[in-house]
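The block underneath contains the structure these notes are about, expressed in structure tokens.
The values are calculated or read from the model by the stated rules, or taken from the named source; none is laboratory data. All values reported here derive from a predicted model rather than from experimental measurement. Cβ placement follows ideal geometry from the backbone for every residue including glycine, while neighbour counts extend to all protein chains displayed.
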Amino acid sequence: MRQETLDYMATFMNIRYQVIDNIRDSLKLFEAELSFTNQGEDPIPASEWELYWCQMNLVEPDFLPREQGVVIEKYKVKLSHLQGCMFKLEPVRGFIVIRPGETRKIRFVSENFSVAKSDVIPNWYLSSSGLESRVLVSTTGESLDFVGEFDTPNKWKRYDWKDEKSEGHDLYDPFTPRTRYAMNADVKDKGRPGKLVIPTPVQMAIDTSMTLNLETRDWIVVAPPLFLNEAELLADKLGFDVTDQKPYSRFIWFHQVDVKVRMKGEDVSSDEVYSLEIDPVKSVIEIKARAGPGALYAVKTLLSLMDDRKLVPRTTIVDGPRYPYRGVMLDVGRNFHPKDRVIRLLDTMADYKLNKLHLHLSDDEGWRLEIPGLEELTEVGSQRCHDPEETECLLPFLGSGPVPSRPGSGYYTIEDYQDILRHAKSLHIEVIPELDMPGHGHATIKAMEARKKKLLLENKVAEAQRYVLVEENDPSVYKSIQLYTDNAINPCLQSTYTFITKVVQTVHDLHKNIMPLNIYHFGGDEVAKGAWENSTACGFTKNKKDIKQLFVRHMSNLTADMGLDLAAWEDGVMEAGSKPYPRNILQNRNVYAYAWDNIWEWGQAGRAYTLANAGYKVVMAQATHLYFDHPYEPDPLERGLYWAPRYTDARKTFSFMAENLYMNADVARSGEPLTHKAMCGLKGEFCPPLKKPKNIVGMQGHLWSELIRNRDLADYMLFPRFLALSERAWHEAAWERVKDNSSRNEQRDADWVDFANTLGYRELRRLDEKGLKYSVPPPGAIIVNNKLRTNVAYPGLMVEYSVDNGDTWCQHSGEVDLVHPTTVFLRTRSANSDRTSRVVSLATYEGNSASGSVRLIYSLSLLFMSLLSLMHMH
């Protein structure tokens, strides 16, 4: 094999990946086909090359993972699992060359199911011994053009079976325009924003008949030193000067007052409470707050009230948050988000009064924070490239490709991280660092193994063992949910705690002079069954469940000695099942548990309340409503994972009730309506009541980054669900306390109408101005008596249609006559009209029922829609 041959293969070997059947044998396996087409003029050789790719479902699970791989004799290829999502295919004896113009097809099975294009990770690459690896051109980019269509139920459904013990029917089909039209039908277009401020203030009186004009330059901002930061932020935005001398009129006056707001029958005071009064008669705007956070939120409310002409209405607001914790989790471990993107996120968080940034700084696929003295963490643990031994870098997980580059590779230097802290501090946002252990430790372990190897070569034996995280030759066998067999840091080694002490102390010191570290998040989630089971170092205990508790107690003692609170994902502070560790064994003043794993029918719905009742401070992080890495619709063209709900839209997030948790349960993962018995058990044992509501301290939205490889994709998944999160974390709606289901739902739906109109007529345009590429929802549509009617999830957005296969587009308004039978293509424009939604189609000959022709229409139009949508979205 020569380099030019490998280069030729990368250019002309066209790969196509096609899911064949998801429902061949219930939930166990799906079948897929790889097609290799030689589009060049030379043959593709029969040996001396290997194909590498990332796939989140285990290939050939009856045989893998095992070191020797598995040979599929029918196709004369060998499949191997490396670690995590990385797989390798190589030809074996009997494989013959692929001639020019020839296509070779290979079928294999994988675990579970695959129903979305984004399940397939791009940037597959070829390697050959001694040569530079090359990415296959046909697999590059976010268009995923090499992935076949999901155009039959066997491809877009996850499972469909019935046996003696159970049955499961995936009820989800891709939404048709008719389905979407019915879903949007109750969202009345008000022709204006339903709310003037998001999140909704507690007490607000607005008189739009009287306004102040802030366009004139004779205004000044008056503030004492306490509020200088907030005053300067406002002055910079409006082009005003800041002074401490109050004139007769035309001034914005900050002054310190212990403002109280009435919430749940009590007068509440905190650093985040504020009042805002806009008086057009006196030409004065008055901001009162006890501390900087309240003053900042008053500024954000004032700016939200200001229209394009810098007019603000006569207003009186007294406001404060329902929860002290209102967070966003950004996963930078799976794929890296550089500093400027984090700064941008912080700015948007402040605009919508979110105050906690949870940075997931490490995972199996990457370590992202510089730790002086442990350089290998970033030299090795933050880099991904083609290195099967993982001594120089990690494997190129998640489509990173064979050469180190973003987003797979990258880390925050000390200066970067402290810049993030400084910016967060100016916005009164607390940064909560998470370095995930003892599970999800692949990157960390590999980095410290590289350190050990280097020091042993230098004959520094004692130093080489100082930060070792795994026992050499540990015979324990396990496989994590993300397919790692080597990612569990050993809690029975003293060197593990030497390492953790070094890391936590470093993080503490990085925060000290900028934003003192209050909460340290150690992760603690998804430790694989079987980890350390046969570890010699752990031989002192017969009960392997005690090993993880040992780790948690060590973490507690270490952080408590430093005066820190401790945080973990819910399973990090729980025994097997749903039993929390006794709160009194953990020494920290507060221990935060992030309740995430709430698939209703799995008997874990009540974990959040169980933890709160046990004395933990609970952050509501439920995957069914607050995981923004899930798709907006159950459509193969919508990006996202779907292990918890099949989809989560902004309306679902908006409707979440933290203190009425079980009423959030609507359907099982299949789409089947849930019964109380299925969720709570025969005696309600899985649904404990909330006895200590004060221990529910907040809510958090989550952007896991397995599928997020650029900024626009991050924006698409975060927004506008992010705004619904801010509404529920800041504002408790009156309907949340209504006990009657029918009345509560009626009030909630009316509130959503206001919120949806606010998005369409106001807030999405504000996101446009910030350059945020939010998800634009496809329109709903029906055809009645040859007349086209449309609607959209967020009234105020423009719908367009085409009757000539997308050559020309017309704005839809009212009803449009469709004279001849045709297929109508539809799309929604963003608020500023710069972008469009995914393109969808509707046939005039569908009649009043779309069910009989969904498959036909989907098959005929999916390829065209894919290409057209990708052109507009990316």
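Note on the range 509-524: residues that are over 16 Å from D436 (Cα atoms) and surrounded by 16 or more Cβ atoms within 10 Å (Cβ to Cβ) amount to 5. Looking at the range 120-133, can you tell me whether even one residue there is in contact with an Asp or Glu (Cβ under 9 Å, 6 or more places away or on another chain) and closer than 22 Å to W643 by Cα? The answer is yes; a qualifying residue exists.
Filtering the range 377-416 down to residues that are part of a helix (DSSP H, G or I) and in contact with a Phe, Trp or Tyr (Cβ under 9 Å, 6 or more places away or on another chain), which residue is surrounded by the most Cβ atoms within 10 Å (Cβ to Cβ)? Even if it seems obvious, please write down each step before you answer.
First, the residues of the range 377-416 that are part of a helix (DSSP H, G or I): 377-379, 397-399, 414-416.
Now narrow it down to the ones that are in contact with a Phe, Trp or Tyr (Cβ under 9 Å, 6 or more places away or on another chain): 377-378, 399.
Numbers: L377: 27, T378: 21, G399: 25.
Checking each candidate, the answer is L377.
Under the condition of being basic (K, R) and buried (at least 16 other Cβ atoms within 10 Å of the Cβ), the residues counted in the range 540-552 number 2. Among the listed residues K544, K502, K529, which satisfies the condition of being within 16 Å of E376 (Cα to Cα) and touching a residue at least 12 places away in the same chain (Cβ under 8 Å)? Selected residue: K502, the only one of K544, K502, K529 that is within 16 Å of E376 (Cα to Cα) and touching a residue at least 12 places away in the same chain (Cβ under 8 Å). In the condition set (1) more than 21 Å from G401 (Cα to Cα); (2) under 29 Å from the mean Cα position of the chain (by Cα), G84 is compliant with all but (1).
Residues checked against (1) touching a residue at least 40 places away in the same chain (Cβ under 8 Å); (2) within 19 Å of L6 (Cα to Cα):
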| residue | (1), (2) |
| --- | --- |
| V77 | no, yes |
| R104 | yes, yes |
| V109 | yes, no |
| S118 | yes, no |
| R134 | yes, yes |
| E142 | yes, no |
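With respect to K677, determine if the residue is farther than 27 Å from A750 by Cα and in a helix (DSSP H, G or I). So K677 fits the description; yes.
Here I206 fulfils each of the conditions (1) at pLDDT 95 or above; (2) not in a strand (DSSP E or B) apart from (2).
When the criteria are applied in full, T348 fails the requirement of being of a type in the set (S, T, N, Q), surrounded by 18 or more Cβ atoms within 10 Å (Cβ to Cβ), over 30 Å from A443 (Cα atoms) and out of contact with any helix residue (DSSP H, G or I) (no Cβ under 8 Å at 6 or more places or on another chain). With respect to the conditions (1) within 17 Å of V59 (Cα to Cα); (2) surrounded by fewer than 17 Cβ atoms within 10 Å (Cβ to Cβ), I96 falls short on a single one, namely (1). Quick one: is A650 small (G, A, S), within 30 Å of P293 (Cβ to Cβ) and surrounded by fewer than 17 Cβ atoms within 10 Å (Cβ to Cβ)? No.
Taking each residue of the range 803-831 that is touching a residue at least 60 places away in the same chain (Cβ under 8 Å) and looking for partners that are aromatic (F, W, Y) with beta-carbon atoms closer than 7 Å, six or more apart or interchain, yields G806/F825; L826/Y801.
Yes or no: the range 431-444 includes at least one residue that is among the β-branched types (V, I, T), part of a helix (DSSP H, G or I) and surrounded by 24 or more Cβ atoms within 10 Å (Cβ to Cβ). Steps first, answer last, please.
Of all residues in the range 431-444, those among the β-branched types (V, I, T) come to 431-432, 444.
Filter once more, so that each one left must be part of a helix (DSSP H, G or I): 444.
So of that shortlist, the ones also surrounded by 24 or more Cβ atoms within 10 Å (Cβ to Cβ) come out as 444.
Yes, the range 431-444 contains a residue that is among the β-branched types (V, I, T), part of a helix (DSSP H, G or I) and surrounded by 24 or more Cβ atoms within 10 Å (Cβ to Cβ).
Return the residues of the range 751-789 that are assigned to a strand (DSSP E or B) and crowded, with 20+ Cβ neighbours inside 10 Å; say none if nothing qualifies. Explain how you work it out, then say what you get.
Pass one, the range 751-789, residues assigned to a strand (DSSP E or B): 780-784, 787-789.
G780, A781, I782, I783, L788 - these are the residues of the range 751-789 that are assigned to a strand (DSSP E or B) and crowded, with 20+ Cβ neighbours inside 10 Å.
In the condition set (1) crowded, with 16+ Cβ neighbours inside 10 Å; (2) within 30 Å of the chain's Cα centre (by Cα); (3) farther than 18 Å from D474 by Cα, E575 is compliant with all but (1). In the range 790-834, the qualifying residues are those that are buried (at least 18 other Cβ atoms within 10 Å of the Cβ), charged (D, E, K, R) and under 26 Å from the mean Cα position of the chain (by Cα), and the one that is farthest from P193 (Cα to Cα) is R827. Selection within the range 523-539: residues that are within 26 Å of the chain's Cα centre (by Cα) and assigned to a loop (DSSP other than H, G, I, E, B). The member of this set that is nearest to S556 (Cα to Cα) is G524. Beta carbons closer than 8 Å, at least 6 apart along the sequence or on distinct chains, pair a first residue in the range 738-752 that is aromatic (F, W, Y) with a second that is modelled with pLDDT of 95 or more for W752/V187; W752/R651; W752/F654; W752/S655.
Taken over the range 280-299, the residue count meeting the criterion of being without any contact (Cβ under 8 Å) to a residue 60 or more places away in the chain and surrounded by fewer than 21 Cβ atoms within 10 Å (Cβ to Cβ) is 5.
Within the range 159-177, not a single residue is crowded, with 20+ Cβ neighbours inside 10 Å, basic (K, R) and either free of Cβ contacts under 8 Å to residues at least 24 places away in the same chain or within 30 Å of S837 (Cα to Cα) (or both).
Scanning for something acidic (D, E), under 25 Å from the mean Cα position of the chain (by Cα) and farther than 26 Å from E815 by Cα, does the range 768-783 turn up at least one residue? Looking for residues that are acidic (D, E), under 25 Å from the mean Cα position of the chain (by Cα) and farther than 26 Å from E815 by Cα, one finds at least one in the range 768-783, hence yes.
Applying the criterion of being touching a residue at least 40 places away in the same chain (Cβ under 8 Å) and in a loop (DSSP other than H, G, I, E, B) to the residues of the range 562-577, the residue that is nearest to A644 (Cα to Cα) is L564. So for the range 304-318 (the condition being within 22 Å of T200 (Cβ to Cβ), of a type in the set (G, A, S) and free of Cβ contacts under 8 Å to residues at least 60 places away in the same chain), does at least one residue qualify? So far as the range 304-318 goes, no, none of its residues is within 22 Å of T200 (Cβ to Cβ), of a type in the set (G, A, S) and free of Cβ contacts under 8 Å to residues at least 60 places away in the same chain.
Among the strands (runs of 3 or more DSSP E) confined wholly to the range 218-330, which include 1 or more residues that are of a type outside the set (G, A, S) and within 34 Å of the chain's Cα centre (by Cα)? Before you say what the answer is, go through the steps one by one.
Values: elements: 220-222, 241-243, 251-256, 261-263, 266-268, 274-279, 284-289, 311-319.
Fully inside the range 218-330 and qualifying: 261-263, 266-268, 274-279, 311-319.
Note on the range 732-750: among residues that are of a type in the set (D, E) and in a helix (DSSP H, G or I), the one that is surrounded by the most Cβ atoms within 10 Å (Cβ to Cβ) is E736. Tell me whether the range 685-697 contains one or more residues that are of a type in the set (D, E), modelled with pLDDT under 95 and surrounded by fewer than 20 Cβ atoms within 10 Å (Cβ to Cβ). Yes; the residues of the range 685-697 include at least one that is of a type in the set (D, E), modelled with pLDDT under 95 and surrounded by fewer than 20 Cβ atoms within 10 Å (Cβ to Cβ).
Is there a residue in the range 592-599 that is over 25 Å from F722 (Cα atoms), touching a residue at least 12 places away in the same chain (Cβ under 8 Å) and more than 16 Å from the chain's Cα centre (by Cα)? Working first, answer last.
The first filter runs over the range 592-599 and keeps only residues over 25 Å from F722 (Cα atoms), leaving none.
Scanning the range 592-599 turns up no residue that is over 25 Å from F722 (Cα atoms), touching a residue at least 12 places away in the same chain (Cβ under 8 Å) and more than 16 Å from the chain's Cα centre (by Cα).
When the residues of the range 712-727 are narrowed to those that are more than 11 Å from the chain's Cα centre (by Cα) and either modelled with pLDDT under 95 or in a helix (DSSP H, G or I) (or both), which ends up surrounded by the fewest Cβ atoms within 10 Å (Cβ to Cβ)? Ranking the candidates gives D712 first. Of all residues in the range 124-145, those being closer than 14 Å to M9 by Cα and touching a helix residue (DSSP H, G or I) at 6+ places or on another chain (Cβ under 7 Å) number 9.
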